[in-house]
Amino acid sequence: MGRRAPDVQHLKLVSHITNHPGAFTAPPVDDVFIALGTTIKVAGSREAFRAVDFDAVVAIAKAGRAAGASRLGVVSAMGADSHSSVFYSRVKGEMEAAVSSLGFATVVIARPSLLAGDRASLKQAQRLGEKLALSAFKWINPLLPANYRSVEAGQVAHALVNTLQSTATGCHILLSGEINQVF
């Protein structure tokens with residue numbers, strides 16, 4: 001389920017296009033993967049940001065759980081904490097708590113540091129600050145502690161899939177250092 005069709009095609013892949021995930025009814029599924037998020041700047045307000053990064057994520061997780069999924073993989077953010085004084089981190093932490101309480105046997109939460117990847121291919125706006133940070137990270141990444149290194153979006157996806165398929169029940173947090181090792 002997404003706002004646009006994926007570029008890849010597969011016999012087992014069915015794409016549902018919607019801008020209103022709360023109204024989405026999922027077909028029978030085993031696993032749910034959610035990589036949905038925005039920025040306050042792109043969303044336009046704190047309320048609009050929360051509607052995507054909390055409300056939509058939780059709605060999709062609920063739809064997947066109602067459709068029979070027992071495992072959930074979700075992308076959050078480094079520093080997520082439901083008690084944070086930083087709005088972004090607090091919303092991410094509240095989302096993590098909400099999806100973890102939905103009754104999935106296994107929940108894997110990826111908390112990447114700075115996400116690297118080709119945003120243009122996803123038709124996302126280029127963000128100057130992020131572009132500058134990623135350029136700097138190319139040089140300083142090897143000097144940073146593993147959990148602070150930038151990570152490719154594809155690595156996050158592979159780590160979520162691999163960890164969800166190979167881990168025991170319960171809630172598991174993947175930080176950037178672990179994401180880079182799993183891939």
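Values quoted throughout were computed directly from the atomic coordinates according to the rules given, and no laboratory measurement underlies them. Quick caveat, the model's predicted, so the values are computed rather than measured. All Cβ positions, glycine included, derive from the backbone under ideal geometry; neighbour counts span all protein chains shown.
Suppose each label sits 7 Å from its Cα in the direction of the beta carbon; what would the ALA48-ALA66 distance come out to in nanometres?
In this crude spin-label approximation the distance works out to 2.7 nm.
Kindly write out, for the stretch 43-54 in residue order, the coupling ³J(HN,Hα) from the Karplus curve 6.51 cos²θ - 1.76 cosθ + 1.60 (θ = phi - 60°), rounded to whole Hz, with x marking Gly and Pro.
5, x, 6, 4, 5, 5, 4, 4, 4, 8, 6, 10
Classify the stretch 1-100 as rounded, prolate or oblate, taking a ≥ b ≥ c as the square roots of the eigenvalues of its Cα gyration tensor: rounded when a/c is under 1.5, otherwise prolate if a/b is larger than b/c and oblate if not.
prolate
In nm, give the distance between the simple-model label positions of VAL86 and TRP139, each being 7 Å from the Cα along the Cα-to-Cβ direction.
In this crude spin-label approximation the distance works out to 2.4 nm.
For the stretch 29-58, state which chymotrypsin sites (Phe, Trp or Tyr not before Pro) are in a DSSP loop and have at most 13 other beta carbons lying within 10 Å of their beta carbon.
none
Compute the distance in nm between two label points, each set 7 Å from the Cα along the Cα-to-Cβ direction, one at ALA153 and one at ARG4.
1.0
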